[in-house]
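The values are calculated or read from the model by the stated rules, or taken from the named source; none is laboratory data. Keep in mind that this is a model prediction, so the values were computed, not measured. Heads up, the Cβs are rebuilt from the backbone with ideal geometry, glycines too, and the neighbour counts pull from every protein chain shown.
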Amino acid sequence: MNTEFNIIKSQHEKTMLDMNKMIQSIIGSMQYSKELIEDNYSYSIKEDHLLRECTQLNENVRILLNENRRLLVEQAGHKCPVGKKRGSLRRPARTSVSQVPRNNSVK
């Protein structure tokens, strides 16, 4: 009877140790989960701020493009001689890399 008791007691102690390890693992996982939630919230706030800033910058770009367009039209109006009809505004031609002559000689 004493031997059976010792076996059961040993199994009980092992089970209790395993349960304590499991509890510690759960506590650690919960703490890690809490940290991830806090990080996620922080990133969410940063993302919201950056999206608002991006929207404001896009609006500023739109305003500046409209102002630039208005100034170009105004400038073109001052350059046209009186009595001549003003043509459409054209952007200056761009020289692409393929149009620039290359010097293929190797020294």
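Within region 18-72, the residues that satisfy the criterion of being hydrophobic (A, V, I, L, M, F, W, C) and over 21 Å from the mean Cα position of the chain (by Cα) are MET19, MET22, ILE23, ILE26, ILE27, MET30, ILE63, LEU64, LEU65, LEU71, LEU72.
Mind checking whether some residue in region 82-98 is in a helix (DSSP H, G or I) and either at pLDDT below 95 or surrounded by 10 or more Cβ atoms within 10 Å (Cβ to Cβ) (or both)?
Within region 82-98, one or more residues are in a helix (DSSP H, G or I) and either at pLDDT below 95 or surrounded by 10 or more Cβ atoms within 10 Å (Cβ to Cβ) (or both).
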